[in-house]
Amino acid sequence: MERTWSATLDHMEDMRQFILGAAEGKLSPRREAHLDLAVEEIVVNICSYAYEIPPGEITVRVEETEDSLGVEFIDNGVPFDPLAAEEPDVTRPLADRDQGGLGILLVRRVMDEVHYRREGGRNCLRIAVKKG
Amino acid sequence: MDIHAESVPQGRVVRLVGRLDTKTAPDFEKEALMWVEEGCRGVALDLSGIDYVSSAGLRSILVLAKKLQSVEGRVVLFGMSGVVEEVFSISGFDRLIPVVEDRDAACKTLG
């Protein structure tokens, strides 16, 4: 199943409902919370890097396999591989810390799979979470 | 998200309830910085009512912690559980900001 929105944060709640609705009853509460978190971090990322005015589009595709739930985020913004950036050093002291890269670090840690590819002029970020 | 702030001799005990995310973090940040402007030097954040935190939420707590540090104040956290605790651990925020057992310990840390 698949749906497309304009890439603005106004649609975050809709996207969230779409994805979590598809996941309902398939994930434990903990894994559902992980998915919830990954969705916010990815959508915020896309809405902030990908587009000028007017906003472009985000297509969300949800695919279920026997043992996992996969969600693909496809946007037609500038090429951007969030996985290419260096991970933030989470051991640095308070004064040296900023938020850079924290969102994608969380996505990597709470999801079972995260893949990026550039395909046909679009960014495709795919996450997967194991069922149960 | 609801913000319940209560004045104590050491500063403020603040109970947050709901989701600390992209949508709610800016309001929390604004309000929290106002407390510091008003002279508050110690904030104990009760996160037992928070069932969700994202990097935007973490960032708002980081902004408060840095602001307080710049005026020789401090922030202390308590009441985290489940995935919220996990997010603090992944991000290293639980080593950045003191985390204590409960409200009493939080007030003691501030005092």
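Just so you know, all these numbers are worked out from the coordinates, no wet-lab data involved. Just so it is clear, the structure is predicted and the values come from calculations on it, not from any experiment. For neighbour counting, all protein chains shown are included, and Cβ atoms are generated from backbone atoms with ideal geometry for every residue, glycine included.
Some observations on this one:
- Residue tally, condition facing chain A (nearest Cβ under 10 Å) and over 17 Å from A:LEU102 (Cα atoms), over region B:77-100: 1
- Taking residues in region B:21-44 that are touching a residue at least 40 places away in the same chain (Cβ under 8 Å) and away from chain A (no Cβ under 14 Å), and partners anywhere that are surrounded by 12 or more Cβ atoms within 10 Å (Cβ to Cβ) and in a loop (DSSP other than H, G, I, E, B), the pairs with Cβ atoms closer than 6 Å and at least 6 places apart or on different chains are B:GLY42/B:GLN10; B:GLY42/B:GLY73.
- In region B:46-76, the residues that are assigned to a strand (DSSP E or B) and either more than 28 Å from A:SER28 (Cα to Cα) or within 13 Å of chain A (Cβ to nearest Cβ) (or both): B:ILE50, B:ASP51, B:TYR52, B:VAL53, B:ARG74, B:VAL75, B:VAL76
- Just so you know, in region B:9-20 the residues that are touching a strand residue (DSSP E or B) at 6+ places or on another chain (Cβ under 8 Å) and away from chain A (no Cβ under 14 Å) include one that is surrounded by the fewest Cβ atoms within 10 Å (Cβ to Cβ), and it is B:VAL17.
- Some residue of region B:83-97 being under 11 Å from the mean Cα position of the chain (by Cα), surrounded by 15 or more Cβ atoms within 10 Å (Cβ to Cβ) and of a type in the set (Gly, Ala, Ser): no
- Test for A:LEU27: is it within 14 Å of chain B (Cβ to nearest Cβ), in contact with a Leu (Cβ under 8 Å, 6 or more places away or on another chain), buried (at least 18 other Cβ atoms within 10 Å of the Cβ) and farther than 19 Å from A:CYS124 by Cβ: yes
- Test for A:ASP98: is it in contact with a Phe, Trp or Tyr (Cβ under 9 Å, 6 or more places away or on another chain) and farther than 13 Å from A:ALA128 by Cα: no
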